[in-house]
Amino acid sequence: MMKYRRLRNIGYGVVSFLLVISSVIFLLEYFSNYKTSKTIHPDAPVITRKSIIIKAPAEKVWKVFSDVDHWDAWQKEIVTPKINGAFKPGTSFTWKSNGLTITSTLQTVEINKMAGWSGPAFGAFGIHTWYFTEHNGQTTIRVEESMEGWLVNLLKHQFQSSLDTSIDYWLNSLKIEAEK
């Protein structure tokens with residue numbers, strides 16, 4: 001009988017702990033307030049800036065890049081991308097990356113020159129800005145991304161490392177596809 005009470009008390013303790021943690025996470029998510037912008041947030045805890053030169057004109061690179069529904073054909077970290085309209089400001093799209101389902105909204109689109117979007121994911125908010133500059137038939141892609149949020153603050157180094165790796169992979173995958 002004593003053993004049963006002890007196990008029951010441990011069970012209540014575990015359930016209580018899980019309820020408290022769940023409530024805290026719910027409140028953090030519910031009260032998170034992120035601001036969209038046309039460029040990254042320079043004071044965000046995680047920022048990545050990368051670039052690559054692609055041996056293809058900006059128009060060709062843009063065609064591959066702006067075809068959101070087919071990102072998963074050349075960028076294997078992305079699963080089930082789906083844009084909800086034309087590739088223009090205000091249009092949203094959903095995609096999965098590294099296990100997270102993300103809904104992003106295009107903030108800026110300048111054909112063959114620039115695209116930017118932002119969106120929340122669990123405990124995080126990201127802003128991506130892509131710049132396309134063509135010179136002598138080659139295109140330099142420059143990408144910037146900022147991430148913020150309660151989970152990003154908690155796991156800053158892991159998010160930074162993951163983001164750096166992901167953007168490198170994305171740029172290299174875009175280069176391979178656009179140079180075909």
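The values are calculated or read from the model by the stated rules, or taken from the named source; none is laboratory data. The structure displayed is predicted, hence computed values, not measured ones. Positions of Cβ are generated from backbone atoms using ideal geometry, with glycine treated the same way; all protein chains shown enter the neighbour counts. For accessibility, only protein heavy atoms count, side chains too; no ligands or nucleic acids. Shrake-Rupley method; radii C 1.70, N 1.55, O 1.52, S 1.80 Å.
Quick look at the numbers
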quantity	calculated
Among 119, 172, 158 the positive-end extreme of the charge dipole of the stretch 41-180 (Cβ point charges)	172
Lys, Arg +1 and Asp, Glu -1 on Cβ, resulting dipole of the stretch 27-180 about Cα centre, debye, nearest 20	200
Most to least accessible of 41, 70 (protein chains only, probe 1.4 Å)	70, 41
The stretch 136-180 versus the stretch 68-107: alpha-carbon centroid distance in Å	15
The stretch 114-180 - percent of accessible surface contributed by carbon and sulfur, probe 1.4 Å	55
The stretch 27-158, relative contact order [Cα under 8 Å, separation at least 6], %	31
Loop-resident sites, the stretch 51-118, for trypsin sites (Lys or Arg not before Pro), counting at most 13 other Cβ within 10 Å (DSSP)	55, 76
In sequence order, calculated HN-Hα J values of the stretch 154-170 (Karplus, 6.51, -1.76, 1.60; Hz; x Gly/Pro)	5, 10, 3, 5, 5, 5, 4, 4, 5, 5, 4, 5, 5, 5, 4, 4, 4
Value of Rg/Rh across the stretch 127-180 [Cα atoms, Kirkwood radius]	1.10
